[in-house]
Amino acid sequence: YRMASYGLTQEQFDLILAAQNSACAMCHQEFEEGQLIHVDHDHACCRRKNRSCGECIRGLLCHTCNIALGHIERRYAMARAYLDSHPVRFRNAA
């Protein structure tokens, strides 16, 4: 079901998994037996939750990285603006 939702066949999934050395594309930790593997895709291309056309697959992620990337994507512009506007480092006055 999960692979079909993302427009992937078992063969395509296995090829991506092999290309990633059976590890998360983001943190590079090897997937464990039975671990849930998330299919990451470009949400700007396919906005329906847990659905993809299959053309915008970016990689396979562990649960932790999938959640982190979701937060990063939604808040990237705000974080970048903050970092760019705060170049001064406050030092301990003591």
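The values are calculated or read from the model by the stated rules, or taken from the named source; none is laboratory data. In this text, all values refer to a predicted model and were calculated from it rather than measured experimentally. Note that each Cβ is placed from the backbone with ideal geometry, even for glycine, and that neighbours are counted across all protein chains shown. For accessibility, only protein heavy atoms count, side chains too; no ligands or nucleic acids. Shrake-Rupley method; radii C 1.70, N 1.55, O 1.52, S 1.80 Å.
Summary table
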item	result
Every residue from region 16-50 that is at pLDDT below 90, open to solvent by less than 80 Å² (accessible area, probe 1.4 Å) and more than 14 Å from the chain's Cα centre (by Cα)	Cys45, Cys46
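For (1) surrounded by fewer than 12 Cβ atoms within 10 Å (Cβ to Cβ); (2) closer than 26 Å to Ala4 by Cβ; (3) modelled with pLDDT of 90 or more, each residue gets a yes or a no:
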{"site": "Ser52", "(1), (2), (3)": "no, yes, no"}
{"site": "Ile57", "(1), (2), (3)": "no, yes, no"}
{"site": "Leu60", "(1), (2), (3)": "no, yes, yes"}
{"site": "Cys65", "(1), (2), (3)": "no, yes, yes"}
{"site": "Ala68", "(1), (2), (3)": "no, yes, yes"}
{"site": "Ala77", "(1), (2), (3)": "yes, no, no"}
{"site": "Tyr82", "(1), (2), (3)": "yes, no, no"}
{"site": "His86", "(1), (2), (3)": "yes, no, no"}
{"site": "Phe90", "(1), (2), (3)": "yes, no, no"}
